[in-house]
Amino acid sequence: MTAAAGFTETLARFGAGTPVVLCHDDADGLSAGALLARALARTHYGPARVRVIGRGESAWSDAVRAELAAGPPVAGLVVADLGVQAEPILPGVPTILVDHHVPRSEPGPEVATVISGYGAEPTPTSSLLAQACAAALVGEAEAERLVWLAALGAVGDLGERASAAQFPAVMAGARRFGTLKALREAVSLVNAPRRSSRGDAAPALRLLLRADGPDAVVSDASPDGEALRQARAEVKQALDAARKLPPQLHDYRPGGGRPRRRAQAAAALRRPSRADPLRLSPPDPPARRPVLDPPPAPAGGDRRQCGVSRGLRPFRRPQRHRARPDRLPAGARPSPRSRRPVRARAPARHGRAGDAGDLEPLRRRPRLRARRRRMRPAALRPFPCCAPP
């Protein structure tokens, strides 16, 4: 028996009263619940009552059983996206379980009819299964008007890329009711209430029960739409504040660990380490290059080798800035061209008379002029015999 046939056969066993739809509070569960309720409202079964199972609740709990028993008579139960269990929710009431998760236990056919996507490839979400049930109930043409609800639940559970790759027909049909951007925006709005401090998804359900597309969900100006936007703003503010908090260390041992050991672990993570593949601590500072001392000055007084005569630090290039006369070293004077100190050379090295300690400031040789003389044509150069002695 197919899922559509099982759904319609179980609906035929519904008794007198009002059908009740129980759904989860996320985008997939709310879309499945709204889709099933809107499909039932177009048949002789009449409008259904939708109950959202929110945070900390269970459809198989005694509180939910007591709430259903205290209300109007229940003709039958349709449970969407809440799991599969062998225990009945309301004994003796026809029940349909629409879900895509791993079953906790398998109920008998007399307890519930299971329409599950578990084990199928690709695995459909609860909203996609609800779309197939609605098509079996009201026909393909009427179900196509609700295909955007199935796409909204699929994007909420699988994401946009996976939904487009695995269920392209559903995503293509949803584009007739709005853009993909509007669909993503609607998913974020519908998922926001369950993450807020209140956790009340009733405004999202009421909006999905009356909207005709994702654009209507995004642009809704009613109190329900405003509640969704406020919930999303609250969630965003909490996430932004949580990103600024430092990481915390937790000890999951049975005894909880000693406080001293926890402090040692925290100190070890803060201590810089040379081998740190996870980069939990800052890297070591780069090693500084050793500073070499300048060689000692010669005994003759030639200070040119160590750079003292130029007023520069050892082993550095000459600084190309104007030398101030009050900062010139002894035995040096500023050059008229570059305003830099002229090197003081020892006269004894150039064959001049005088002591080696006597330093005479000399100008730099005009290298450019000598280079031009060497580049002159040979016809213009003097013959060796005519050269001055």
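The values are calculated or read from the model by the stated rules, or taken from the named source; none is laboratory data. As the structure is a computational prediction, the values presented were derived from the model and not from experiment. Virtual Cβ from ideal backbone geometry, glycine too; neighbours counted across all protein chains shown.
When region 113-145 is filtered for residues that are buried (at least 21 other Cβ atoms within 10 Å of the Cβ) and assigned to a loop (DSSP other than H, G, I, E, B), the ones remaining, listed by number, are PRO124, THR125. Select from region 50-65 the residues that are small (Gly, Ala, Ser) and within 20 Å of VAL98 (Cβ to Cβ) and list them in ascending order. Across region 50-65, the qualifying residues are GLY54, SER58, ALA59, SER61. What do you reckon, is VAL98 more than 24 Å from VAL170 (Cα to Cα) and crowded, with 21+ Cβ neighbours inside 10 Å? Spelling it out, it is not the case that VAL98 is more than 24 Å from VAL170 (Cα to Cα) and crowded, with 21+ Cβ neighbours inside 10 Å.
Here's the yes/no breakdown for (1) at pLDDT below 95; (2) basic (Lys, Arg); (3) under 23 Å from ARG145 (Cα atoms):
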{"site": "ALA3", "(1), (2), (3)": "yes, no, yes"}
{"site": "PHE7", "(1), (2), (3)": "yes, no, yes"}
{"site": "ARG13", "(1), (2), (3)": "yes, yes, no"}
{"site": "GLY17", "(1), (2), (3)": "yes, no, no"}
{"site": "GLY56", "(1), (2), (3)": "yes, no, no"}
{"site": "ALA75", "(1), (2), (3)": "yes, no, no"}
{"site": "GLU87", "(1), (2), (3)": "yes, no, no"}
{"site": "LEU90", "(1), (2), (3)": "yes, no, no"}
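Looking only at residues in region 147-171 that are in contact with a Gly (Cβ under 8 Å, 6 or more places away or on another chain) and aliphatic (A, V, I, L, M), the one that is nearest to SER127 (Cα to Cα) is ALA151.
Of all residues in region 146-173, those being in contact (Cβ under 8 Å) with a residue 40 or more places away in the chain and either farther than 17 Å from VAL98 by Cβ or part of a helix (DSSP H, G or I) (or both) number 12. Meeting the requirement of 1 or more residues that are of a type outside the set (A, V, I, L, M, F, W, C) and surrounded by 23 or more Cβ atoms within 10 Å (Cβ to Cβ), the helices (runs of 4 or more DSSP H) wholly within region 1-86 are 27-40. Selection of region 33-58 for residues being touching a residue at least 60 places away in the same chain (Cβ under 8 Å), within 22 Å of ALA143 (Cα to Cα) and not hydrophobic (A, V, I, L, M, F, W, C) yields GLY33, ARG38, ARG42, THR43. Reported count of residues in region 174-203, each being assigned to a loop (DSSP other than H, G, I, E, B) and over 12 Å from PRO214 (Cβ atoms), is 6.
Residue selection: VAL64 satisfies the criterion of being more than 30 Å from ARG184 (Cβ to Cβ) and of a type in the set (A, V, I, L, M, F, W, C). Condition (residue is more than 20 Å from LEU11 (Cα to Cα) and touching a residue at least 40 places away in the same chain (Cβ under 8 Å)) applied to region 77-99: is it met by at least one residue? No: region 77-99 contains no residue that is more than 20 Å from LEU11 (Cα to Cα) and touching a residue at least 40 places away in the same chain (Cβ under 8 Å). The condition of being on the phi < 0 side of the Ramachandran plot, surrounded by fewer than 11 Cβ atoms within 10 Å (Cβ to Cβ) and modelled with pLDDT of 60 or more holds for only one of ARG253, ARG243, that being ARG243. Determine, yes or no, whether ASP200 is surrounded by 18 or more Cβ atoms within 10 Å (Cβ to Cβ), among the acidic types (Asp, Glu) and farther than 20 Å from VAL155 by Cα. The answer is no for ASP200. Inside region 214-224, residues that are surrounded by fewer than 20 Cβ atoms within 10 Å (Cβ to Cβ) and of a type outside the set (D, E, K, R) make up a count of 5. Among the residues of region 13-44, the ones that are in contact with an Asp or Glu (Cβ under 7 Å, 6 or more places away or on another chain) and under 17 Å from ALA112 (Cα atoms) come to 1 in all.
For (1) more than 14 Å from ALA39 (Cα to Cα); (2) in contact with a helix residue (DSSP H, G or I) (Cβ under 6 Å, 6 or more places away or on another chain); (3) modelled with pLDDT under 95, each residue gets a yes or a no:
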{"site": "SER105", "(1), (2), (3)": "yes, no, yes"}
{"site": "GLY108", "(1), (2), (3)": "yes, no, yes"}
{"site": "GLY139", "(1), (2), (3)": "no, no, yes"}
{"site": "GLY156", "(1), (2), (3)": "yes, yes, yes"}
